[in-house]
1. Among 456-467, 486-497, 68-79, 350-361, what's the highest-first ranking by average C-beta atoms within 10 angstrom per residue?
2. State the Cα centre-to-centre distance between region 48-123 and region 535-569 in whole Å.
3. Taking a ≥ b ≥ c as the square roots of the eigenvalues of the Cα gyration tensor of region 1-72, is the shape rounded (a/c under 1.5), prolate (a/b larger than b/c) or oblate?
4. First check a/c for region 118-266, with a ≥ b ≥ c the square roots of the eigenvalues of its C-alpha gyration tensor; if it is under 1.5, answer rounded, and if not, answer prolate when a/b is larger than b/c or oblate otherwise.
5. By how many nm would the segment from ALA632 to SER154 lengthen if fully extended, with 0.36 nm per residue of separation less the alpha-carbon distance?
6. Any idea what the dipole of region 1-132 comes to, in debye rounded to 20, about its Cα centre with Lys/Arg Cβ at +1 and Asp/Glu Cβ at -1?
7. Taking a 22 Å limit on the Cα-Cα distance, which of the listed pairs LYS104/LYS348; LYS4/LYS110; LYS523/LYS594; LYS393/LYS594; LYS110/LYS430 fall beyond it?
8. Roughly how many nanometres apart are two label points built 7 Å out from the Cα toward the Cβ at SER120 and GLU102?
Amino acid sequence: MGVKGLQLFMSRCCPEACVTVNLREMARQHVTKSQQGSTTTANSPPTLVVDGMACLCHWYSCKDWVCGGQWREYLDVLKSWVEAFTSAGIRLVFFFDGVVKEQKRQEWVKRRRRVNGEVSKIFRHIKAYGEQPGRNLFCIPSGLATFTPFALRSLGQEVFCSVQEADYEIASYARQHGCMGILGQDSDFIIYDSAPYLSVEKLRIDSLNTVLYDRQRLCRTIGLAVTQLPLLACLLGNDVVSEERMRHIRNDAMATYRINNPVPPFDAPQGQTVLAVSHLVSSLWARKEEDPEFIPQTLNLSAPHRELLKMGICSYLLPQQEALQQCDNSTLMSAPAFEKHVSPEILKACREKHVAAEGFMVYGVVCDGVIQCSNTLEDEEDAELLPQALVYKPCRQHIYGLLLLHGQDGSSVDLPAIREWFVYPGNPLKEPDMVHPLPTSLPCDQPNLDLLWFGNGPEVAALRLTYFLSIFDCQEFSELYGAIDDSLLAALCLVTYIALQVQTLSQEDLDAYLSQAVCLRLKSPLELQQIKLPFVSSRAVQLGSLYVRGLSHLLGANSASGCPLPSTALMPWHSFDGRLFHSKYLLAHSGTEKTVLLDSDSSSLSLFLCLREKLTETCGKRGRVLQSRPIAPEQRHKTTPGPSYRERHTGQPPSSGENWRERGETTGGHRHGGEWRERGEARGGRSGDDNRERLWGRGGHRGEWMRGGQHFHHHPHSYPNFHDGGPQNTRARGRSYHNRGRYQLAPRWSQPPPSGT
């Protein structure tokens, strides 16, 4: 939410209400005041309630944002940000949007369409200049809002996900717990009669200085009481009461104001509008504070507009505030959408996990019957790559099936359907896509969801893993559980699913995905930041976003299956880095040897080849044959003399006449020798030797890997040689997104699934 023009009015026309404060000093004063007042919060540290969604663009200060996200660097930024407050004795409580209320859906759609235009500009810039655009076109990496709550929880912070409007829950929490302030960037926090509103945009983290928007001083300037601010906000326009609906009221107010004030105090039109509407509110409002009139009858409104205005005012009234008896916000909480399809225990667990920011997707499906996904960096002019929303639609359908189809007799009567609001090229967002759940295709009976979520024992644990993998059609990978890190198992599962769904992906694309997941384990955040890219590929940008969106689907499938994997294993900082992936993509498509692709590390190469063999084998069973199709780089408008990208990474001398179109590909061989780098691994803090022992087994050698005493050999020469000669042009000549109508998804299986797991 946000009040149209109010914050601009305060900064330009009411500067005395914009007070520069130091949060460290403010915290000390808050403690002193609490102790003097002997309040229940006197012994608790001063608390800031943080609007997490408003902070995302400020938190993500990493240089690279277009390639898919510098996740490890971002995690370090969050850690430093949190430490700046904790060192000042300030406790932080974070809130994130968990729902989009239907009365705000049109505003949500309007914003998504606006961002679509910005995304188009980003891709046009990349294709024209081969580089990331400037900060004026900045777009946060896909999935940042999904994974940031998990990142903050990993740093020991208290995080909540809203079940109502997030602004409302933030203001309610701050008022109920006597917090020292709300840190965000939304003018609605001026309207709520809650804790002081502090600007995250003006925050200087090194000094902890920021701007406090003082609602009391604002009220003195415009001649209103704090209780009258909600009506002012709705007449000016917000996300509940659109600016257009109250335009006639503002026009009448301006006409009256100009008659009574021929020389207005402000030249700015917005300043005059705020003062005009303020004078109207002041003149209409009942003079007696005990008057129960909610909306003055003298206000010229039709019945529908009066009800809309009442709804808007209700959205600002916090629990136990005056006039609440006329507007019970609890009625805005709808009954669970599919309560007859799940048990009360499942409903309770869905809500608890959602509120604690521990689950993903399941609450929206079971309790609201709707999920949404914001903009993704996708090129609307690229007819070859499917949008992520359609790539992962079969996956979501199986997640819905696991959650909702227990007890169904196979008939389509009363079959639940999920409303999906997914932003992707070609979707006008006029209405949601109605998506029906699909049962899993395993030969056994559909499991009891209560058993999956609450059951104990090794049999239940195995069942959870089986159903998690079945959602991605990767049941065979259960044999890898415990043999490789969970994050690598998740990465292999995701890459295999992408390969099965996106038929236009080549072996080079998949090699880039797998090699970066393997190499990431041995990279420090500093090394990742120092990766140099000769240029940025628009196709690689979209593939990077596709992968990160896939991680969120892994998270949803994991939640639906009863969490067979720890959620930490599904976080992007364990299996993806944008710049690293981009560099691997360029190397893979330039024909570099697999040894170089794997950073000349023999153990990484061995692991990569094992994962690659599993991927190839699984795809083959589904009739998906992976082919080498190296793609030439987009033509650059700017060229820099010097050695080529491949030459810089291989140490080869510059070759005469060799370019992207005059290359072949070599088969990646297995190189013996070399040691694991002596660096701790994220999982369990194992050293390089510990990881090697876990992967290969005691006494194992690097031509094989072991699980449970059984050795599995990889065969580097069993992979088909890449073709020699120039790359094939894989750019589809079909219709563009705008003309080709509904996308045709690849079949779930090209042949019947195997009979066993």
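1. Packing proxy ranking, top to bottom: 486-497, 68-79, 350-361, 456-467.
2. One Cα centre to the other: 18 Å.
3. Cα axes put region 1-72 in the oblate bin.
4. Here region 118-266 falls in the oblate category.
5. 168.0 nm
6. 580
7. Over 22 Å apart, Cα to Cα: LYS104/LYS348; LYS393/LYS594.
8. 3.1
The values are calculated or read from the model by the stated rules, or taken from the named source; none is laboratory data. Note that the structure is predicted; figures quoted are calculated from it, not measured. Positions of Cβ are generated from backbone atoms using ideal geometry, with glycine treated the same way; all protein chains shown enter the neighbour counts. Side chains included, ligands, DNA and RNA excluded: accessible areas come from the protein's heavy atoms. Shrake-Rupley method; radii C 1.70, N 1.55, O 1.52, S 1.80 Å.
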